[in-house]
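Below is one structure, written out as structure tokens, with a few remarks after it.
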Amino acid sequence: MTRTRMSLVLSSVAVATAAVGVSLVVAPSANAAVGDFDFSRPETVASNLTAPWGMDFLPDGSALVTERDSARVLRVRPGSAATTVTTVSGVVPGGEGGLLGLAVSPTFATDNYVYVYYTAASDNRITRFRLDSPGTQQTVLTGLAKASYHNGGRIAFGPDGMLYAGVGDAGNTANAQNQSSRNGKILRMRPDGSVPADNPISGSLVYSLGHRNVQGLAWDSAGRLFASEFGQNTWDEVNYIVPGGNYGWPNVEGSSSNTQYRNPIVTWTTAEASPSGAAIVGSNLFVAALRGTRLWQVPLNGTSAGTPIAQLTGTYGRLRTAELGPDGYLWVATSNRDGRGSPASNDDRILRFPPVGGTPTSGPPTTSAAPTSTRPPTSAPPTTTRPPTSGVDTQAPTAPANLAYSLSGTTLTLTWTASTDNVGVTAYYIDEQYSDYIQRRTVTAPATSLTITITNPGELHRYTAYARDAAGNISPASNTVSFGTPPTCWPPAPCSPPPTSRPPTSAPPTNPIATCAVTWEPNTWSNGFVISVTLTNRGSAALSSWALTWTWPGNQAITGYWSSVITQSGSSVTARNAAWNGTVAPGASTNFGFQGTYSGTNARPATISLNGSACAIS
């Protein structure tokens, strides 16, 4: 089944929380962007815990936290000692198993349910209990294979109201590719454990497969799911999850050229990460790293990622969980008493970090009103990329000017003239286009230069700069600079005879196909956009290559692309396959994306054609 969705991203975050008799509100600085936290101002919310694992928040702003080995569910709130809500019966801790994930029902106000994932005597399972009677469990799902390691265990409710679970392969790698097994998968279920009718495999809870040990699940505000996953000896991963996607384990660890499997958007060595819990705030994905003893901050750009930034490296030891609290703070749990760490005297701890410039202030008394939820909405995604503009700066900076480069061996230096803005420029984004991918680098203003080391300087590289202001507005693109020559065959793929330049921008050759479908997912802001495209072959024959063509209805210009090679002449655009995704079997899909700028409106093309045949668009 192919799920289609057209959605725009709302970059916003709730910052209000209700406590007993008082409301705690974080007032962020006018210069802070959503998703920026001040890691120099930690607050210890709880200490002397033992291997905290799962975390979620109640409507009053307090957190529920599981302890893996004690089987306790704790209630944690700033300024108060942690209290035990219940000890979950039936938990059999051992190795990496025990009381693991926790999720508060999205309809808690009416059903009072709390969900937990734990290792029992014979399996891993999910149960739920009412918070007002926690001693009585209801079974949601049983029969997940258990082991001393690779139990997975993260559970979370998605924006669709369904319960998702990351389930490890339980040490049996064959489980991951076996669709009949629920291990080595991400599962999607109704709150009662039954199979949703729109799951990608009819009658199955399997949402995606080919996983080794998923321990982080997070959605962006467009409803896109990202998962963090332990590798074996080489590569840990962050994956963009699509329904029915196969992520390759055990046949692949990290990226591959096999189009049967989806590649990760981020990889780390296992020493750098061993990633567990994940949270998305604004356009940043935060991933707690155990062996890596750091918090990774991953800039997201639609379904792709920029260069990860390591925060808190070595400061607090092993990190298990990261969650955005309804108070606007980022909450982080350590895991130094899990048998693999070196605990401090007050470990383990629950810490929280304020947004940049955030100052807690006491608000008016509150009673039973619940705070704004930090989960994505359960209804249709929002149709705007900006919060209401009343009192909000919407003026973008001017474009960086005079972008230039100097190259010495493999050392590249880029310089540009500073942008101007009514409230001040806070950062510059430098987009590097090389081969079939794009990478974004961030330079903190007022700096106007960047020096990096590049590979293959003789091949074609392109660079474009953008400015960002304190309100998150993005400037138009600078001029683009480039050096090197394109590969002999463009796009880089086998061809005969080898051309000496790019293909012409005229209509591509005909490759007959009965039908095709395109899912067009835009993320649009004041004068820029990122588009994620899914192409599905609905014909009876496999494609050996593909070229999509369209005409922009407005003043739109593509400035970067990935998993494709795109050319634009006036308003006419041709997107061709990259070297590794040209083959598309009947019924199969491939994905690519691009970014650009526009003025006026960013309307979708009326017609998109595949190799000369019009596609259905959704």
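Consider residue 564 carefully, then state whether it is buried (at least 22 other Cβ atoms within 10 Å of the Cβ) and either within 26 Å of the chain's Cα centre (by Cα) or within 19 Å of residue 462 (Cα to Cα) (or both). Taking the combined requirement at face value, the residue satisfies it.
Taken over the stretch 194-214, the residue count meeting the criterion of being open to solvent by 10 Å² or more (accessible area, probe 1.4 Å) and closer than 16 Å to residue 273 by Cβ is 1. Scanning the stretch 107-124 for residues that are open to solvent by less than 60 Å² (accessible area, probe 1.4 Å) and either farther than 19 Å from residue 51 by Cβ or among the aliphatic types (A, V, I, L, M) (or both) turns up 108, 111, 112, 113, 114, 115, 116, 120, 123.
Hey, could you check the stretch 168-199 for residues that are in a loop (DSSP other than H, G, I, E, B) and basic (Lys, Arg) and say which is farthest from residue 289 (Cα to Cα)?
190
Considering only the stretch 567-584, how many residues are of a type in the set (A, V, I, L, M) and open to solvent by 60 Å² or more (accessible area, probe 1.4 Å)?
Final tally of qualifying residues: 0.
Checked against the criterion of being farther than 24 Å from residue 583 by Cα, in contact (Cβ under 8 Å) with a residue 24 or more places away in the chain, open to solvent by 40 Å² or more (accessible area, probe 1.4 Å) and not in a strand (DSSP E or B), the candidates 313, 307, 259, 267 yield just one match: 307. For the residues 405, 463, the requirement of being modelled with pLDDT of 85 or more, among the aromatic types (Phe, Trp, Tyr) and over 30 Å from the mean Cα position of the chain (by Cα) singles out 405. The residue of the stretch 105-122 that is modelled with the highest pLDDT, among those that are more than 14 Å from residue 66 (Cβ to Cβ) and of a type in the set (Phe, Trp, Tyr), is 113. Of the residues 273, 289, the single one that is in contact with a Pro (Cβ under 6 Å, 6 or more places away or on another chain) and farther than 25 Å from residue 531 by Cα is 289.
Selection over the stretch 200-221 of residues that are in contact with a Leu (Cβ under 7 Å, 6 or more places away or on another chain) and part of a loop (DSSP other than H, G, I, E, B) gives a count of 3. Within the stretch 77-106, being out of contact with any Lys or Arg (no Cβ under 9 Å at 6 or more places or on another chain), surrounded by fewer than 19 Cβ atoms within 10 Å (Cβ to Cβ) and within 19 Å of residue 349 (Cα to Cα) holds for 79, 80, 81. Taking the stated definitions as given, is residue 596 without any contact (Cβ under 8 Å) to a residue 12 or more places away in the chain and within 22 Å of residue 462 (Cβ to Cβ)? Criteria not met by residue 596. Counting only strands (runs of 3 or more DSSP E) that sit wholly inside the stretch 532-618, those with at least 3 residues that are touching a Ser or Thr at 6+ places or on another chain (Cβ under 6 Å) and not hydrophobic (A, V, I, L, M, F, W, C) are 572-577, 589-599.
What are the residues in the stretch 147-165 that are surrounded by 24 or more Cβ atoms within 10 Å (Cβ to Cβ) and within 15 Å of residue 98 (Cα to Cα), if any? Those that are surrounded by 24 or more Cβ atoms within 10 Å (Cβ to Cβ) and within 15 Å of residue 98 (Cα to Cα): 150, 151, 152, 153, 154, 155. Residue pairs whose Cβ atoms lie under 8 Å apart, separated by 6 or more positions or on different chains, with the first residue in the stretch 221-244 and farther than 17 Å from residue 280 by Cα and the second of a type in the set (Phe, Trp, Tyr) and buried (at least 22 other Cβ atoms within 10 Å of the Cβ), are 235/268; 236/230; 236/268; 243/207; 244/207. Taken together, the residues in the stretch 123-138 that are closer than 26 Å to residue 210 by Cα and either at pLDDT below 95 or of a type in the set (S, T, N, Q) (or both) amount to 2.
The values are calculated or read from the model by the stated rules, or taken from the named source; none is laboratory data. As the structure is a computational prediction, the values presented were derived from the model and not from experiment. Every residue, glycine as well, gets a Cβ built from its backbone with ideal geometry; the counts of neighbours run over all protein chains shown. We work out accessible area using only protein heavy atoms, side chains counted, and drop any ligands, DNA or RNA first. Shrake-Rupley method; radii C 1.70, N 1.55, O 1.52, S 1.80 Å.
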